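I have placed the structure first, in the form of structure tokens, so that the comments after it can refer back to it.
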Amino acid sequence: MIKSSLSPLAALAATALALSPTAALAHAKLVASTPAANAKVAKVTSVQLKFSEKLVASTVKAELVMTGMPGMADHPPMKIAFASAMGKDGKSMTLTPKRALVPGIYKVTWFAAGADTHRMGSAFAFTVK
Amino acid sequence: MTDILMIGIRFLLFTDLMLVMGLAMFLLYALRSTEREDVRIVSGLVVLQPWLCGVGLLVSLGGMLALTASMQGVAVGEIDPNMLVSMAVETDTGKAWIVRMLALVVATAAAMQLGRHPRPAALILSLASASALASLVWSGHAAASEGPAGTIHRIADALHLIAAGIWIGAIAAFLILLRPASDDGRQARLDLAARSLEQFARVGTACVLVIAATGLINFEMIVGIAQTGQMPGSSYGYLLIAKLIAFSAMLLLAACNRWRLAPAFAGATSEKTAGVIRRSLVLEASAAAAVLALVATLGMLEP
């Protein structure tokens, strides 16, 4: 009786082994951005973030601050207001400031949780010439 | 801090739901219908059930609040209803939580009927608590696997939890039946314990086989059998090895009960033999608690 009731389990195990791991246990990570991290770019009207995993939209928080201006490297961090929109795939986000960014150094910080429920976050900087 | 809170919540939920389900199923597979209606025998097995269900509801609610707060990066007091709604709509973990809460409401109602309609109530309680237990699959690593592999991972994980719950609930049931209490139901309880301990061999063997097979599947999905050699390099690896050691201790004690203590107890049902087997069961329950504590921690760690 035990043997016959276990055969579906064996089939399950076999399929599991065949499908193999590739376990998508990954926390959400920033995989790319436009402008890229540490890039020097000419004109920026929006900032795009691409993530490795689908994000839970309500957990997403982003911040854009200007940390430097030409001739004033130690500019006190100044928050830039922007409108944000999640991409249709749930893995990307676009921050659109009201005006194109003036020359300076900018820092983007984000926090969000993916389907694995872990809250993640990171920051990167770029320069507008 | 958050992690310790979440680990505690996971431990309580695993233990609580496994006890509810395991004790309810014990009424079905171990007791004859006359025994199920004998208050002196079943009162110990059923009296805690509504409370255990209530604890399950409260801890599950607390768990969702703590998880939402950590995902949103706010304090528990700052959670607003919209955040909970978005958890329920946007995440599988949230949907599983709703299923768990509904299942626990049904379980609570069934638990309160155990005295009046023992068999149907135990049946509904078993099914509802098994659903609640299976929903915990979405609060661990199995939640993150995608596609068909993810489905298999979650089925395996659910079976793993249910088989473990049947075993752990049975340990609790035997301890309740063997408790030292001198009333007129004592002898009937000891006789039932002696008989069901001997009968448990089949159920127990099936549980162990299911646990081992599904455990292997989970391991393949989370770590990968090919990566076994790297296990002793991470805290996940150490804790998993510790879990396997505690599990082996449970197996050894169970084997000792099955082949030595249970036959001796059935042959001569006395205070002395009951005491011996009770001590062995307390050790087995301690090992089970260690396994659950380790599982609660492992689900929070990176493999």
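Compute the Cα gyration tensor for chain B, then decide on rounded, prolate or oblate, letting a ≥ b ≥ c be the square roots of its eigenvalues: rounded whenever a/c is under 1.5, prolate when a/b is larger than b/c in the other cases, and oblate in all that remain. The partial results should precede the final answer.
Values: a/c = 2.18, a/b = 1.41, b/c = 1.54.
In terms of gyration-tensor shape, oblate.
What whole number of Å gives the distance from the Cα centroid of region B:58-94 to the Cα centroid of region A:72-91?
Spelled out, the Cα-based centre of one part sits 26 Å from the other.
Could you identify which residue out of B:108, B:68, B:214 has the top mean-square fluctuation in a GNM of chain B using Cα springs shorter than 10 Å?
Among B:108, B:68, B:214, the largest GNM mean-square fluctuation belongs to B:68.
Hey, rough spin-label estimate for residue B:245 and residue A:42, points 7 angstrom out along Cα→Cβ, what's it come to in nanometres?
Each label point lies 7 Å from its Cα, and together they span 6.5 nm.
Gain in length, residue B:4 to residue B:82, computed as 0.36 nm per residue apart minus the alpha-carbon separation, to one decimal in nm?
Value of the extension gain: 25.5 nm.
Can you figure out the FRET efficiency of residue B:227 with residue B:105, using R₀ = 41 Å and their beta-carbon distance, to the nearest 0.05?
On the way: r = 42 Å, r/R0 = 1.01.
Calculated transfer efficiency: 0.50.
Which one, B:27, A:126, B:176, projects farthest toward the positive side of the charge dipole computed for the protein assembly as shown from Cβ point charges (K/R +1, D/E -1)?
A:126
Work out the mean other chain Cβ neighbour count within 10 Å for the residues of B:24-34 and drop it here as an integer. Display every interim value, and only then the final one.
On the way: counts 0, 0, 0, 0, 0, 0, 0, 0, 0, 0, 0.
Taking all residues of B:24-34 together, the mean is 0.
Roughly how crowded by other chains is peptide A:111-120, in terms of the mean Cβ count from those chains within 10 Å of each of its Cβ atoms?
Details: counts 3, 3, 10, 3, 8, 7, 14, 5, 7, 0.
Mean shielding by partner chains, rounded to a whole number: 6.
For residue B:153, what accessible area in Å² do you get when you roll a 1.4 Å probe over the heavy atoms of the protein chains, rounding to the nearest 10?
0 Å²
Sort out for me the Cα centre separation of region B:205-282 from region B:158-184, rounded to whole Å.
15 Å
Please get the size of the charge dipole for region B:1-126, origin at its Cα centre, with Cβ charges of +1 on Lys and Arg and -1 on Asp and Glu, quoted in debye to the nearest 20.
Numbers: 8 positive and 9 negative charges, 112 e Å.
Approximately 540 debye in magnitude.
Among residues other than residue B:274 whose Cβ falls under 13 Å from its Cβ, what is the net charge (Lys/Arg +1, Asp/Glu -1)? Working shown, then result.
On the way: positive: B:179, B:186, B:189, B:272, B:278, B:279; negative: B:191, B:271.
So the environment of residue B:274 carries a net charge of +4.
Nearest 0.05, what FRET efficiency do residue A:96 and residue B:123 give at R0 = 51 Å with Cβ-Cβ as r? Let's see the in-between values first.
Values: r = 58 Å, r/R0 = 1.13.
With R0 = 51 Å, the Cβ-Cβ based efficiency is 0.35.
Expressed as an acute angle from 0 to 90° and rounded to the nearest 10, what is the orientation of the C-alpha long axis of helix B:49-72 relative to the principal long axis of chain B?
Approximately 20 degrees, to the nearest ten.
In degrees, nearest 10, range 0 to 90: what is the angle between the Cα axis of helix B:118-135 and the longest Cα principal axis of chain B?
Rounded to the nearest ten degrees, it is 30.
Any of A:61/A:107; A:50/A:129; A:43/A:129; A:43/A:88; A:40/A:107 with alpha carbons more than 19 Å apart? Name them for me. Intermediate values should be presented prior to the final figure.
Details: A:61/A:107 14 Å; A:50/A:129 23 Å; A:43/A:129 8 Å; A:43/A:88 25 Å; A:40/A:107 13 Å.
Checking Cα-Cα distances, A:50/A:129; A:43/A:88 exceed 19 Å.
Rounded to the nearest 100 Å², what is the sum over both chains of accessible area buried where B meets A, with a probe of 1.4 Å? Display every interim value, and only then the final one.
Working: alone 14370 and 8410 Å², together 20230 Å².
Adding both sides of the contact gives about 2500 Å².
Would you please give the FRET efficiency between residue B:184 and residue B:264, computed as 1/(1 + (r/R0)^6) with r the Cβ-Cβ distance and R0 = 41 Å, to the nearest 0.05?
Details: r = 25 Å, r/R0 = 0.61.
According to the calculation, E is roughly 0.95.
Using the charge dipole of region A:58-116 (Lys, Arg: +1 at Cβ; Asp, Glu: -1 at Cβ; taken about the Cα centre), state which of A:62, A:106, A:96 has its Cα farthest towards the positive end.
A:96
In degrees between 0 and 90, to the nearest 10, how far off the longest principal axis of chain B does helix B:235-256 point, with axes built from Cα atoms?
Long axis of B:235-256 versus the principal axis of chain B: about 10 degrees.
In region A:57-97, which trypsin sites (Lys or Arg not before Pro) are in a loop and have at most 15 other Cβ atoms within 10 Å, using DSSP for the loop call?
In loop regions of region A:57-97 (DSSP not H, G, I, E or B), the sparsely surrounded trypsin sites (Lys or Arg not before Pro) are A:88.
Suppose every K and R has +1 on its Cβ and every D and E has -1 on its Cβ; what is the size of the dipole of chain B about the Cα centre, in Debye to the nearest 20?
Around 1040 debye, computed over chain B.
Pairs B:95/B:243; A:54/A:98; A:54/B:95; A:29/B:243: which exceed 24 Å Cα-Cα?
Numbers: B:95/B:243 29 Å; A:54/A:98 27 Å; A:54/B:95 17 Å; A:29/B:243 30 Å.
Over 24 Å Cα-Cα: B:95/B:243; A:54/A:98; A:29/B:243.
Can you work out the Karplus-derived ³J(HN,Hα) for every residue in region B:138-153? Use 6.51 cos²θ - 1.76 cosθ + 1.60 with θ = phi - 60°, whole Hz, and x for glycine or proline.
So the Karplus estimates, Gly and Pro as x, are 7, 10, x, 5, 5, 5, 8, 6, 10, x, x, 4, x, 4, 5, 4 Hz.
Zone of residue A:122 (label point 7 Å along Cα→Cβ, backbone N under 14 Å): which residues in region A:38-57?
A:38-39, A:49-53
The values are calculated or read from the model by the stated rules, or taken from the named source; none is laboratory data. Note that the structure is a prediction, hence the values are computed from the model and not measured. In this analysis, Cβ positions are derived from the backbone assuming ideal geometry, glycine residues included, and neighbour counts consider all displayed protein chains. To get the accessible areas, we keep the full protein, side chains included, count just its heavy atoms, and leave off ligands, DNA and RNA. Shrake-Rupley method; radii C 1.70, N 1.55, O 1.52, S 1.80 Å.
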